[in-house]
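What follows is a single structure, written as structure tokens, with notes after it.
What follows is calculated from the coordinates using simple rules that are stated; it is not laboratory data. Keep in mind the model is a prediction, meaning the values are calculated, not measured. Methodologically, a virtual Cβ is constructed for each residue, glycine included, from the backbone with ideal geometry; neighbour enumeration extends over all protein chains shown.
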Amino acid sequence: MYLRIDRLQVELPAAEHPDPRAAQAVQELLGGRFGEMSTLMNYTYQSFNFRGRKELKPFYDLVANIATEELGHIELVAATINSLLSGTTERGESPDHRLAGVAGVGNPHHFLVSGQGALPVNSLGAAWSGDYVFNSGDVVLDMLHNFFLESGARMGKLRVYEMADNPIARALGGYLLVRGGVHQVAYAKALEKLTGVEVSKMLNIPRISNETIPEARRFHEQAVHRTLYRFSPDDYRDVDKIWNGRHPEDGGELRVADGPPEGGPTLPLPDEPQVYSPGYHPGELAEIAARLMRGA
Ligand code: MN3
């Protein structure tokens, strides 16, 4: 089962300016083949279906624990898209062509289908697909796939980082590059323990150091790239049987943090009445909620 904490895994700045094109690019990190929905669902199904989990507990713990972190990553990407979409259309309650300015800009479904909110689609607007989930049931093959998936995800993050220059998109990219790097190393280590092959010699893929990316470097300075968070009050304790030793890039010691990161607050999302979100007359809805809060 899952518990939920109403915070983001990392503090994000609000979008510097409304940016529907950046929002469209960042969608690739959500619903793309190598996006966070894919890492989430691959590891989630692998953990649900894991046979021999008692005998292979370190490997089961690893994939179940990383799956849980990925749930928070889709939340981070959605928060970024939502902040980028805030203010992209003229705010107001009169239906007077307020959306005309975004005709042909970014993903039209952000305005025509959702209330300027994130969608489970890629940057082309194509829906995320369950076909992206690979779960052969063979632990070595699944770990090899996961190493490949994190490498493809890293490629996507680097390209979105280059395409979207809004500071929130870059902050997101920096953090996800560091956390995806942890997962890349973790699956490499799992393969090393299972097979003896030194997979970590293939790191990084692509071979660009996070140290060259300012928004990632600051997390390296805090050892976030060497930390595996344990996302459970009391379970998945045997991740440390795999996440141990030295980081292949800088030789620093790997550590397991006994709990989630402190993170940051969720971002405020202003009313956008021109797309009827949260309603055509948000004030009336707010009055209803205020009455509930007063117990009236
Ligand atoms: Mn991730």
> Considering every pair of different Cα atoms, what Kirkwood radius, in Å, is found for the chain?
Replying inline: 20.2 Å
> Which whole-angstrom value gives the distance between the alpha carbon centres of region 13-62 and region 191-212?
Replying inline: 20 Å
>> Compute the helix-to-body angle for 57-85: its Cα long axis versus the longest principal axis of the chain, expressed 0 to 90° and rounded to tens.
In response: 20 degrees
>> Please list, ordered by chain and number, the residues whose modelled amide H lies under 5 Å from the amide H of VAL256; skip anything fewer than 5 residues away on the same chain.
In response: LEU228
> With +1 on each Lys and Arg Cβ and -1 on each Asp and Glu Cβ, how big is the dipole of the chain about its Cα centre, in debye rounded to the nearest 20?
Replying inline: 620 debye
>> Need one number for region 147-284: average projected area of the convex hull over its C-alpha atoms, nm².
In response: 11.3 nm²
> Does anyone have the angle between helix 139-163 and the longest principal axis of the chain? Alpha-carbon axes, 0 to 90°, nearest 10?
Replying inline: 40 degrees
>> Cut-off under 20 Å on the C-alpha distance; same-chain residues fewer than 8 positions from LYS54 excluded. Which lysines are left, in chain and number order?
In response: LYS189, LYS193, LYS241
> Under a 5 Å amide H to amide H cut-off, with H placed in plane at 1.01 Å, what residues pair with SER277 once short-range neighbours are removed?
Replying inline: GLU272
> For VAL224, VAL105, what ranking results if the residue with the fewest other Cβ atoms within 10 Å of its Cβ goes first?
Replying inline: VAL105, VAL224
> Cα axis of helix 282-294 to longest principal axis of the chain: angle in degrees, 0 to 90, nearest 10?
Replying inline: 70 degrees
> Going by how many other beta carbons lie within 10 Å of each one, how would you line up LEU124, LEU119, fewest first?
Replying inline: LEU124, LEU119
> Just the Cα atoms of region 8-146, one point each, no solvent: what log10 I(q)/I(0) does Debye give at q = 0.13, 0.14, 0.16 Å⁻¹?
Replying inline: -0.63, -0.70, -0.82
>> Per-residue counts of other Cβ atoms within 10 Å, averaged by peptide: what ranking do you get for 182-188, 161-167, highest first?
In response: 182-188, 161-167
>> Which order do the peptides 168-179, 266-277 come out in when sorted by mean C-beta neighbours inside 10 angstrom, highest first?
In response: 168-179, 266-277
> About its Cα centre, how strong a charge dipole does region 1-71 have in debye, to the nearest 20, once Lys and Arg get +1 and Asp and Glu get -1 at the Cβ?
Replying inline: 460 debye
> Of MET41, MET293, how do they rank once you tally other Cβ atoms within 10 Å and put the fewest first?
Replying inline: MET293, MET41
> Given H placed 1.01 Å from N in the peptide plane, which residues other than close sequence neighbours of VAL121 have an amide H under 5 Å from its amide H?
Replying inline: GLY31, TRP128
